[in-house]
Amino acid sequence: MNNILDRIKHNFSESIQTKINAADTLGNDIQAACERVVQCLLDGHKILSCGNGGSACDAMHFSGEMLNRFKHERPSLPAVALTADISTITSIANDYSYHDIFAKQIRALGQPGDVLLAITTSGNSINVLNAIKAAHDRQMNVVALTGNDGGKIPELLQGDDVEIRVPAVETARIQETHLLIIHCICDIVDYQLFGHGEMV
């Protein structure tokens, strides 16, 4: 028996099953998030994104897809990953608090009508919670990617905000599904704004 191969297959199976579960339960939430992002862009606004660790990478992944392209050639779209400017992040963390690294950027860059893409597998990251509060202060909508029980995120969300809560407990499975959700948003942006990817 090859235990290593079995573990690899188990990881694949768990990831696939998590995505199937998410597809069955999160379709409406993902559609609502896509609608918020598309309308934000149509109205001439931008998307700010944030998260920690792997979620920080997801935030940058999203902004990269917007600023460059997803699958098809198209104009660049306005997005800012609040995780990308290491000098700003470390100066805020050093002078104030790590809890404020995203909120202070939002207070400077966020405008009414912008969208915050807040990514946290636990829903309890204090700097992401503070980012959501700052976004609301700037009259921004929030799309929150979470997992497990959503943590403290649901109690902060308002009106037109959207939470997409992956039905999983393990961080790796949640992160893998978050990336697929991000790609779904990118695909719908391309489809609705530019007519790319017509399904045959």
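Points to keep in mind about this one:
- First in the stretch 176-200 and at pLDDT below 95, second anywhere and open to solvent by 50 Å² or more (accessible area, probe 1.4 Å), Cβ under 6 Å, 6 or more apart: H196/H72; G197/Y191
- Note on the stretch 109-131: among residues that are among the β-branched types (V, I, T) and assigned to a loop (DSSP other than H, G, I, E, B), the one that is farthest from the chain's Cα centre (by Cα) is T121.
- Which listed residue is aliphatic (A, V, I, L, M), free of Cβ contacts under 8 Å to residues at least 60 places away in the same chain and surrounded by 15 or more Cβ atoms within 10 Å (Cβ to Cβ), from A144, A168, A108, A131: A144
- Per-region count, the stretch 44-96, residues farther than 14 Å from N127 by Cα, open to solvent by less than 40 Å² (accessible area, probe 1.4 Å) and touching a Lys or Arg at 6+ places or on another chain (Cβ under 7 Å): 1
- Any hit, the stretch 31-39, residues being within 15 Å of H178 (Cα to Cα) and surrounded by 22 or more Cβ atoms within 10 Å (Cβ to Cβ): yes
- The one condition from (1) within 19 Å of the chain's Cα centre (by Cα); (2) at positive phi that G44 does not meet is (1).
The values are calculated or read from the model by the stated rules, or taken from the named source; none is laboratory data. On a predicted model such as this, the values are computed, not experimentally measured, just so you know. With ideal geometry, Cβ positions are generated from the backbone for all residues, glycine too; neighbour counts draw on all protein chains shown. Side chains are part of the model used for accessible areas, which takes the heavy atoms of the whole protein and leaves out ligands, DNA and RNA. Shrake-Rupley method; radii C 1.70, N 1.55, O 1.52, S 1.80 Å.
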